Amino acid sequence: MPTFNWIYTAIFIAVLVGAVLNTVAYLILAERKIAAWVQDRLGPNRVGPWGLLQPIVDGGKMFLKEDVIPAHVDKVFFLLAPMVAFGTAMLAIAVVPVGHTVPPPLPMVSVNPPAYNAPDTPVQRFEAMQKGYADQFSFAIAPGLDIGILYVFAVGSLAVYGVILAGWSANNKYALIGSLRSSAQIISYEIPLGMSILGVVLLAGSLNPERIVANQIDGGMWNVFYMPLAFLLFLTSVFAECNRLPFDLPESEQELVGGYHTEYSSLKLGMLLLAEYAHMITTSFLMSCLFFGGWHLPGLTTTNDSALYGPWGTAIIHAAVLAAKMFCFIALFMVVRWTIPRFRFDQLMSLAWKVMIPLALLNLVCVLLILQFGWPWWSMTVASVVLFVLAGAWGVWSGGNVTAPKRKVRKLPPGLPAGVV
Amino acid sequence: MTALVVCLLVFVTVGAMLLSANLVVGWFVRPDKPTAEKGEAYECGEEPVGPAWVQFDLRFYVVALLFVIFDVEIAFFFPWAVVFGSANQLADPSLSEPQRVEIANRLTPGQLRLPDAAAAQAFAQFAFFEMLVFFAILLVGFAYLWKRGDLEWVRSLESHEPVSVAETARVPHVESEVV
């Protein structure tokens, strides 16, 4: 355990929360600018140079708008829902490394325990290691949590409560349908999300994200090269978990107005939107740490950075590399939004249950077999690619195409629109 | 109470304070002019028919049940993955003594005996076969769900639709299994 220092922790929390909130504000601007660029328009450019002050004005507007609480809502849950959504999104970021961290030293095994005060016993070596660990600063709010990944999943599952409470308490049909869809989607994609990460845990032998990063840096190889399929499954599940296009059915504007936040206004709406973007930031950090080697960048960082750049230089370089990776994922989120159209709900559910869960299971079995029989590392990559190709081939073979699907379709008599019997 | 718990508690408190400060300050600043129209449910200008607290589709409930089953199973996977991963690393006979000690700690913290490569190999093998049995049970369950049609979304919708007698005669096969 690191020695707990009130001042450092409080400052770090303030800086991190402030950074996340400001990043979210500017991500919304970036999203609008990228949307404008994709659609060949200008985007927001009136407030400040290139519209750079737009987020501040938007925030002020959210703050000053009237907070309408309709008469028909369930007041307690209506007030609670945005806080639950925002709280769970922020809690998940507590264990995610946002810069340089070192995994905590493990408790020592002593083969033949000598007397306690003998020189250089394992106990004393362990105490020295502990002290060295406690003296350095970790870029995570709760550093050294050994169940880190499990914690992120547990808190991530709680995020469903925010959505379902918001939708149900609003007593609005759009909101209810949106929240039902959203909860079904989030819980369905939670399973491939967990399974795809298990391969990484198998490789590192630990649930601590810091140790998983350290494992990749020691090996000099990012996990994404070992298991590209697991990364693909993880990425897809994250899109669904964050309700981003092509999985944004919970708030599909064309049919459900705003989904579960239809009845919200003012700062409570702002908190629900903020929670979604904060979720995106957390998952992007997680993807960079679990699959892309954290702050490891060949050519820039080595195993003894602190000797090369000094403590401050190391901290800055590592945080910058990690942030750059994180922003790459955010940019991917935003570009995909304008690239792939929305799924239908039955497609969404069958993608989760019939494609991603079997694939994640098979991928896990492959990693298991390769580790058990000690096959070379590249066999994992080959297995991933083979599984991916087989799944694609099976999908093409079993699904037919749009005009001639192989599944049973009930043909209606000609001339009647669907639903009229 | 460890330092870690204190860290998390401080984080929760700071977060709660930040949220409530925003809400309370905004409460003083923003206008408050409720009208009857603002209090109505928003349904694109239509008068809402009845409350929204109606019975929802059973399919959402089925998905929730499936999630509980599979999520519990993932919760079993996580500790196993840590144990199996560590035991497998330990089974590599070319490891140096300090590396061996470090991994052994991860596997069973605080134990006094250092397992050799053969013991770790046997342990990993045990975890391997145990998990294969678990997988087999899981796959049988999954295949059963798939066969029963619980994983299909549209199919259960069909069983909800009224089908006229004339149409049943015209369409050769209508699946109507109750979910």
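Taken together, the values in this text are just the output of simple stated rules run on the coordinates, not laboratory data. Quick caveat, the model's predicted, so the values are computed rather than measured. We place every Cβ from the backbone using ideal geometry, glycine too, and count neighbours over all the protein chains shown.
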* Asked: For the charge dipole of chain A, defined by +1 on Lys and Arg C-beta atoms and -1 on Asp and Glu C-beta atoms about the Cα centroid, which residue among A:ILE191, A:TRP353, A:ASN215 has the Cα displaced farthest towards the positive pole?
  -> A:TRP353
* Structure fact -> With R₀ set to 30 angstrom, the calculated FRET efficiency between the beta-carbons of A:LEU300 and B:VAL140, to the nearest 0.05, is 0.05
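Treating the beta-carbon of each Lys and Arg as +1 and of each Asp and Glu as -1, no other charges, what is the dipole magnitude of chain A about its Cα centre, to the nearest 20 debye?
Working: 24 positive and 22 negative charges, 272 e Å.
For this selection, approximately 1300 debye.
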* Structure fact -> To the nearest 10 degrees, the tilt of helix A:75-92 (Cα long axis) against the first principal axis of the alpha carbons of chain A is 40
* To do: On a 0 to 90° scale, report how tilted helix A:305-337 is relative to the longest principal axis of chain A, with both axes built from alpha carbons and the result rounded to the nearest 10.
  => 10
* Asked: For chain A, modelled as a Gaussian network with Cα springs under 10 Å, which listed residue fluctuates most, A:MET129, A:MET380, A:MET287?
  -> A:MET129
* Asked: Projected onto the charge dipole of chain A (+1 at Lys/Arg Cβ, -1 at Asp/Glu Cβ, origin at the Cα centre), which of A:ALA134, A:PHE63, A:ALA240 gives the Cα projection farthest towards the positive end?
  -> A:ALA240
* **Angle between chain A longest axis and helix A:148-169 axis [Cα atoms, degrees, rounded to 10]** => 30
* Between A:LEU308 and A:ASP74, with labels modelled 7 Å along Cα→Cβ, what's the label distance in nm to one decimal, could you check? => 5.6
* **Listed residues A:HIS279, A:HIS100, A:HIS72, most fluctuating in chain A (Gaussian network, C-alpha, under 10 Å)** => A:HIS72
* Asked: Using the per-residue mean of other Cβ atoms lying within 10 Å as a proxy for protection, in what order, highest first, do the peptides A:207-219, A:313-325 fall?
  -> A:207-219, A:313-325
* Place a +1 charge on the Cβ of each Lys and Arg in the range B:1-49 and a -1 charge on the Cβ of each Asp and Glu, then give the dipole magnitude about the Cα centre in debye, rounded to the nearest 20. => 480
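Suppose R0 equals 30 Å; then what is the FRET efficiency for A:VAL336 and B:ALA119 from their Cβ-Cβ distance, rounded to the nearest 0.05?
Values: r = 48 Å, r/R0 = 1.61.
So the FRET efficiency works out to roughly 0.05.
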* Would you mind computing, in nm to one decimal, how far apart the modelled labels at A:TRP37 and A:LYS61 are, each placed 7 Å from Cα along Cα→Cβ? => 2.2
* Among A:LEU364, A:GLN254, A:PHE388 the positive-end extreme of the charge dipole of chain A (Cβ point charges) -> A:GLN254
* To do: May I ask you to derive the FRET efficiency for A:VAL382 and B:ASP32 from their Cβ-Cβ distance with R0 = 60 Å, giving the value to the nearest 0.05?
  => 0.40
